[in-house]
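The values are calculated or read from the model by the stated rules, or taken from the named source; none is laboratory data. If you're wondering where the values come from, they're calculated on a predicted model, not measured in any experiment. Note that each Cβ is placed from the backbone with ideal geometry, even for glycine, and that neighbours are counted across all protein chains shown. Protein only, heavy atoms only, side chains kept; ligands, DNA and RNA dropped before computing areas. Shrake-Rupley method; radii C 1.70, N 1.55, O 1.52, S 1.80 Å.
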Amino acid sequence: MLRPITMKRIIAVLLLVTGFVSVTAESRRRAIRSPGGGTLPVANFIDSQIGAKLSTSGIAPAPIAGDDEFLRRVTLDLTGTIPTSADVVVFLADSRTDKRARKIDELLRSEAFNDRWTMWFGDLVQNVQVANNSREYYIGKNVYYTDIRSAIRSGKPYDQMVREVLAGEGSNFQTGVANYVVRQLQRNGPPQDTLDNLAAHSAEKFLGIPMLCISCHNGLGHLELVNGWLREKKRDDFWKMAAFFARTTARGSRYTDPTNPNANVIRFDVGVNPNGEYLLGSTDGNKSPRYVAPGSSNVVTPAFITTGETPRPGEPYRVAYGRMLTADRQFARATMNLLWKEMFGRGLVEPVNAFDLSKLDTQPSHPQLLEALADELIARGYNLREVLRTMASSNAYQLSSQYAGTQPDASYFARRAPRRLQSEVLFDAIAAATGVPGQFPVNGAAAVPKAMQLPDPVDGGRRGPSATFLNNFGRGNRDDVMRTNDAAITQSLSLMNDTLVTSRVKRTGNSTVQKVLAASSDPATITDQLYLATLSRHATAQEKQIASSYLGAGPLNERTEDLQYVLLNSLEFLFN
């Protein structure tokens, strides 16, 4: 019978924690050289730009991270998973000078990479079965996910991916990218509200420009203190962007799912009305009235907001929009800023969806670096793997989180700023560390073992143990609840008390604790194996001594469970 983790047992575990917590603070991020002094070694142009600002500002970079810190970080950032014990042992023993580059390439080729970046793009386009204003239904959501993952897996250029979602046509139950339009349908109000949604969403997600404000009023008189470039823009400029979607149709019809005939679903066929126009004069819906200026036409002609470019003769409006958007240099800037945040924890421009195009020389923390990154994306043919490799290969990315003295502002990127694991990543990390996989139902498809493989963040359920855990760690719903890494007391309580954690550290089945105990009864060996499985590193001599003393002072089985429970509750496990 499995012994529950009682309050008495938790107190005993806390005594173990107090014994090695100071040791962990010293040892968890072992660096190759001591912090303080020196300059950033240059591996590529990223280091030249980051290093130049550090030098000019009189700030020394942190040391280069040790192999164990680097391995855990790059594995989490590129694949959303933690390395296995075997991965750690092999990597640490590898004496080749290019082993980090080899590991980066290995991770970029992995299926876990496809899972992680499919979720990233799914977040960006907000692929979700049910939203407040729209319904993709489970069939549309799944086919959209499949199309995105196929694009990521095949290495489809990112600009092509974006053009395809912007111009997607066909049944949203058969053509995944057609769901981009379906996702932004406004079920109440005039059709112009949907067109506005598509313009605002695409500008924010793909250009990093927050145009929603000028969908209701001119920038002048509202945005002076917020965005200098948008201050000069008018509703008319926004309407011209929305007019690119004016020939889009999305007709819904009842659909009988052969695999689920009792389901009540609507299939949407996204197509083109060659005579569609964006008309002014509407006074209802979710926007302020779209008044027609005296002496002006009520028909809005599409024109791209940054260039004034209009569609070519005979060119479909949405095809033209995708062509102009992805050819605009701001698309490359915004894309690299998004990817930079994924890899470095914060964007060069923050928030990432608040670019002010009148301040490109002052708004970014490193303006020249942002332009160089845009050049890199263009030169690499918008290949996500190539530009992620460039980032991961830089010494700026490989800096330690250790830093001697006063911590510089995070915008200098003088050190690795640890950040809490994303909800799905944390769940999967617990499952991987303990050797007890998850099981997530997917509406309309087969269950998946990893939270990172969910087509929709709430596919695993809106209620129940897994849902509560993921909610506590800020999974969001791709609609009115944004994904977040904010801290909350419920997160600590979940890690301490949730059976999703406590049941996985038991000596049962094929768990890590079971396998470790079956292989050895030596406390030092057990300690090291649990550190490798959970924290992706060897235990230090002092940690082995403290943990071994604890393991030897009571029932070995139970105290081995306690040790992994403590490691799962450590900040080192929770943060990357």
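Data table
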| read-out | value |
| --- | --- |
| Unique residue being open to solvent by 40 Å² or more (accessible area, probe 1.4 Å), of a type in the set (Asp, Glu) and assigned to a loop (DSSP other than H, G, I, E, B) when the list is Glu204, Glu224 | Glu224 |
| Hey, Val88 more than 30 Å from Pro408 (Cα to Cα), at pLDDT 95 or above and touching a Ser or Thr at 6+ places or on another chain (Cβ under 8 Å) or not | yes |
| Output for region 402-461, where each listed residue is in contact with a Lys or Arg (Cβ under 6 Å, 6 or more places away or on another chain), open to solvent by less than 10 Å² (accessible area, probe 1.4 Å) and either over 27 Å from Pro351 (Cβ atoms) or in a strand (DSSP E or B) (or both) | Thr434 |
| Meets criteria (among the acidic types (Asp, Glu), over 26 Å from Phe70 (Cα atoms) and touching a helix residue (DSSP H, G or I) at 6+ places or on another chain (Cβ under 9 Å)) for Asp522 | yes |
| Given (1) under 35 Å from the mean Cα position of the chain (by Cα); (2) without any contact (Cβ under 8 Å) to a residue 60 or more places away in the chain, number of the condition Tyr278 does not satisfy | (2) |
| Counted residues, region 550-573 - those being closer than 19 Å to Asp498 by Cα, assigned to a loop (DSSP other than H, G, I, E, B) and open to solvent by 40 Å² or more (accessible area, probe 1.4 Å) | 1 |
| Any hit, region 104-114, residues being aromatic (Phe, Trp, Tyr), within 28 Å of Asp480 (Cβ to Cβ) and at pLDDT 95 or above | no |
| Every pair of residues 6+ apart whose Cβ atoms lie under 7 Å, when the first sits in region 285-309 and is at pLDDT 95 or above while the second is in a loop (DSSP other than H, G, I, E, B) and β-branched (Val, Ile, Thr) | Asn298/Val292; Thr301/Thr310; Pro302/Thr310; Ala303/Thr310 |
| Number of positions in region 70-93 that are over 24 Å from Leu384 (Cα atoms) and either touching a Lys or Arg at 6+ places or on another chain (Cβ under 8 Å) or aliphatic (A, V, I, L, M) (or both) | 7 |
| Residue count for region 233-271, restricted to those that are out of contact with any Gly (no Cβ under 6 Å at 6 or more places or on another chain), outside any helix (DSSP H, G or I), open to solvent by 40 Å² or more (accessible area, probe 1.4 Å) and not small (Gly, Ala, Ser) | 13 |
| Residues that are free of Cβ contacts under 8 Å to residues at least 40 places away in the same chain and open to solvent by 50 Å² or more (accessible area, probe 1.4 Å), drawn from region 310-323 | Thr310, Arg312, Pro313, Gly314 |
| Filtered residue count, region 449-486, keeping only those that are farther than 20 Å from Leu78 by Cα and out of contact with any helix residue (DSSP H, G or I) (no Cβ under 6 Å at 6 or more places or on another chain) | 17 |
| Hits in region 324-353 (condition: out of contact with any helix residue (DSSP H, G or I) (no Cβ under 7 Å at 6 or more places or on another chain), open to solvent by 50 Å² or more (accessible area, probe 1.4 Å) and in a helix (DSSP H, G or I)) | Ala327, Lys341 |
| Every residue from region 462-515 that is over 29 Å from Arg149 (Cβ atoms), assigned to a loop (DSSP other than H, G, I, E, B) and β-branched (Val, Ile, Thr) | Val505, Thr508 |
| Tally of residues being among the acidic types (Asp, Glu) and either in contact with a strand residue (DSSP E or B) (Cβ under 9 Å, 6 or more places away or on another chain) or buried (at least 20 other Cβ atoms within 10 Å of the Cβ) (or both) across region 462-495 | 2 |
| Region 207-221: number of residues that are open to solvent by 10 Å² or more (accessible area, probe 1.4 Å) and under 16 Å from Glu350 (Cα atoms) | 1 |
| Count of residues meeting criterion [open to solvent by 30 Å² or more (accessible area, probe 1.4 Å), within 19 Å of Glu204 (Cα to Cα) and either without any contact (Cβ under 8 Å) to a residue 40 or more places away in the chain or not in a helix (DSSP H, G or I) (or both)] in region 113-156 | 1 |
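Residue by residue, here is whether (1) open to solvent by 20 Å² or more (accessible area, probe 1.4 Å); (2) of a type in the set (A, V, I, L, M, F, W, C) holds:
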{"position": "Val42", "(1), (2)": "yes, yes"}
{"position": "Phe45", "(1), (2)": "yes, yes"}
{"position": "Leu54", "(1), (2)": "no, yes"}
{"position": "Asp68", "(1), (2)": "no, no"}
{"position": "Ile82", "(1), (2)": "no, yes"}
{"position": "Ser85", "(1), (2)": "yes, no"}
{"position": "Val89", "(1), (2)": "yes, yes"}
{"position": "Ser95", "(1), (2)": "yes, no"}
{"position": "Arg100", "(1), (2)": "yes, no"}
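Per-residue answers, yes or no, for (1) in contact (Cβ under 8 Å) with a residue 40 or more places away in the chain; (2) open to solvent by 20 Å² or more (accessible area, probe 1.4 Å); (3) among the β-branched types (Val, Ile, Thr):
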{"residue": "Val505", "(1), (2), (3)": "yes, no, yes"}
{"residue": "Thr508", "(1), (2), (3)": "yes, yes, yes"}
{"residue": "Ser511", "(1), (2), (3)": "yes, no, no"}
{"residue": "Lys515", "(1), (2), (3)": "yes, yes, no"}
{"residue": "Ala524", "(1), (2), (3)": "no, yes, no"}
{"residue": "Arg537", "(1), (2), (3)": "yes, no, no"}
{"residue": "Gln545", "(1), (2), (3)": "no, yes, no"}
{"residue": "Ser548", "(1), (2), (3)": "no, yes, no"}
